[in-house]
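Enquirer: Could you have a look at this structure, given as structure tokens, before my questions?
The values are calculated or read from the model by the stated rules, or taken from the named source; none is laboratory data. From a predicted model like this one, the values you see are computed outputs, not experimental measurements. So basically every Cβ, Gly included, is an ideal-geometry build from the backbone, and we count neighbours across all protein chains shown. To get the accessible areas, we keep the full protein, side chains included, count just its heavy atoms, and leave off ligands, DNA and RNA. Shrake-Rupley method; radii C 1.70, N 1.55, O 1.52, S 1.80 Å.
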Amino acid sequence: MTEVKADKNSFGAMLKALENEGEVIKLEPAYYISKEGWSTAVAAAKAFTGEFTLAEYRDSLGTSRKFAEFLLKGLDKNGITHFNGTTRTVISR
């Protein structure tokens with residue numbers, strides 16, 4: 001593994017550049033995901049027919065509740081899923 005030293009400003013600029021190039025997707029101010037990871041997250045949601053819960057989504061990805069929730073909020077924000085208070089549905093196939 002190579003160690004990369006960068007100050008906070010250059011790291012932020014690098015993340016912004018990767019985001020602008022579509023290499024990473026910003027889920028929250030401090031959470032980013034690779035485009036490959038995002039594709040997996042989208043495909044996992046689209047595999048559901050009808051409504052699904054956070055727990056079902058978490059289990060389908062084999063991840064933690066915390067990260068599944070960040071992903072689902074990102075899917076909602078990007079118009080892929082819709083949250084109705086307890087469950088979600090896919091609105092963009």
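Enquirer: Looking at region 70-80 only, could you name the residues that are touching a strand residue (DSSP E or B) at 6+ places or on another chain (Cβ under 8 Å) and open to solvent by less than 50 Å² (accessible area, probe 1.4 Å)?
Expert: Phe70, Leu71, Leu72, Gly74, Leu75, Asp76, Ile80
Enquirer: Looking at region 81-93 only, could you name the residues that are out of contact with any strand residue (DSSP E or B) (no Cβ under 6 Å at 6 or more places or on another chain) and not hydroxyl-bearing (Ser, Thr, Tyr)?
Expert: Phe83, Asn84, Gly85, Arg93
Enquirer: Within the set of pairs 6+ apart or on separate chains, which have a first residue in region 27-45 that is farther than 16 Å from Leu15 by Cα, a second that is among the hydroxyl-bearing types (Ser, Thr, Tyr) and not in a helix (DSSP H, G or I), and C-beta atoms under 6 Å apart?
Expert: Ala45/Thr81
Enquirer: Which ones in region 35-93 are in a loop (DSSP other than H, G, I, E, B) and either within 29 Å of Glu21 (Cβ to Cβ) or among the acidic types (Asp, Glu) (or both)? It would help to see each step written out before you state the result.
Expert: Going residue by residue through region 35-93, those that are in a loop (DSSP other than H, G, I, E, B) are 47-51, 53, 62-64, 78-80, 84-87, 91-93.
If the condition is that a residue be in a loop (DSSP other than H, G, I, E, B) and either within 29 Å of Glu21 (Cβ to Cβ) or among the acidic types (Asp, Glu) (or both), then Ala47, Glu51, Gly62, Thr63, Ser64, Asn78, Gly79, Ile80, Ile91, Ser92, Arg93 are the ones that fit.
Enquirer: Looking at the structure I just gave you, is Ser39 under 14 Å from the mean Cα position of the chain (by Cα), modelled with pLDDT of 95 or more and more than 17 Å from Ile91 (Cα to Cα)?
Expert: no
Enquirer: If you take the residues of region 15-34 that are assigned to a helix (DSSP H, G or I) and in contact with a strand residue (DSSP E or B) (Cβ under 6 Å, 6 or more places away or on another chain), which of them is farthest from Arg93 (Cα to Cα)? Reasoning before the result, please.
Expert: Initial filter on region 15-34 (assigned to a helix (DSSP H, G or I)): 15-20.
Subsequent filtering for residues that are in contact with a strand residue (DSSP E or B) (Cβ under 6 Å, 6 or more places away or on another chain) retains 18-19.
Numbers: Leu18: 25, Glu19: 23 Å.
Applying the filter and picking the extreme gives Leu18.
Enquirer: Could you tell me which of the residues Phe67, Phe48, Phe83, Phe52 is of a type in the set (Phe, Trp, Tyr), over 13 Å from the mean Cα position of the chain (by Cα) and open to solvent by 70 Å² or more (accessible area, probe 1.4 Å)? Explain how you work it out, then say what you get.
Expert: On the way: Phe67 fails: over 13 Å from the mean Cα position of the chain (by Cα); Phe48 fails: open to solvent by 70 Å² or more (accessible area, probe 1.4 Å); Phe52 fails: open to solvent by 70 Å² or more (accessible area, probe 1.4 Å).
Unique residue meeting the criteria: Phe83.
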